[in-house]
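Colleague: Submitted below is the structure of interest, expressed as structure tokens.
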Amino acid sequence: MSGPSDGQRFLLTVLFAAWLIAFGYAFFTFATTLPQGGGFLRGMNRVSGYLGWQGIAGMISIAVFAVGRRWPKGTAVRRMSVVPIALAILHVAVIAGVIIWARASG
């Protein structure tokens, strides 16, 4: 089996960069957005901005994972392509856990 083409390498590099930008920008958005609104929903714009960018990063992570599968088994590139989707799955699990914990305790 021959290695991936230059186009596939470039595509994976661009997707990794896009994922990293979206993932990092989610935290930047959360940290720099001023809370708006009043009452119960005060600050929900921060959370929705954060989750929106994490959703974008999650969709890009699926593409990174799919393109990374083209490399031979056991290579560092193939193992590294699992990191974004693993973080997305972990993120969803933590958010679901917090929601379940909040419902169970309240």
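Colleague: Can you confirm whether Leu41 is of a type in the set (A, V, I, L, M, F, W, C) and either over 29 Å from Arg69 (Cβ atoms) or open to solvent by 90 Å² or more (accessible area, probe 1.4 Å) (or both)?
Modeller: Yes; evaluated as a whole, the condition is true for this residue.
Colleague: Determine which single condition Ser105 fails, assuming it passes every other condition in (1) among the hydroxyl-bearing types (Ser, Thr, Tyr); (2) out of contact with any Phe, Trp or Tyr (no Cβ under 9 Å at 6 or more places or on another chain); (3) within 19 Å of Val14 (Cα to Cα).
Modeller: Answer for Ser105: the failing condition is (3).
Colleague: Continuing with the same structure: So, of the residues in segment 45-97 that are part of a loop (DSSP other than H, G, I, E, B) and in contact (Cβ under 8 Å) with a residue 24 or more places away in the chain, which turns out to be surrounded by the most Cβ atoms within 10 Å (Cβ to Cβ)?
Modeller: That would be Ser81.
The values are calculated or read from the model by the stated rules, or taken from the named source; none is laboratory data. What you are looking at is a predicted structure, and each value in this text was computed from that prediction instead of being measured. Counting neighbours? That spans all protein chains shown, and the Cβs are built from the backbone with ideal geometry, glycine included. Each accessible area value is taken on the protein alone, full model and side chains, heavy atoms only, with ligands, DNA and RNA left out. Shrake-Rupley method; radii C 1.70, N 1.55, O 1.52, S 1.80 Å.
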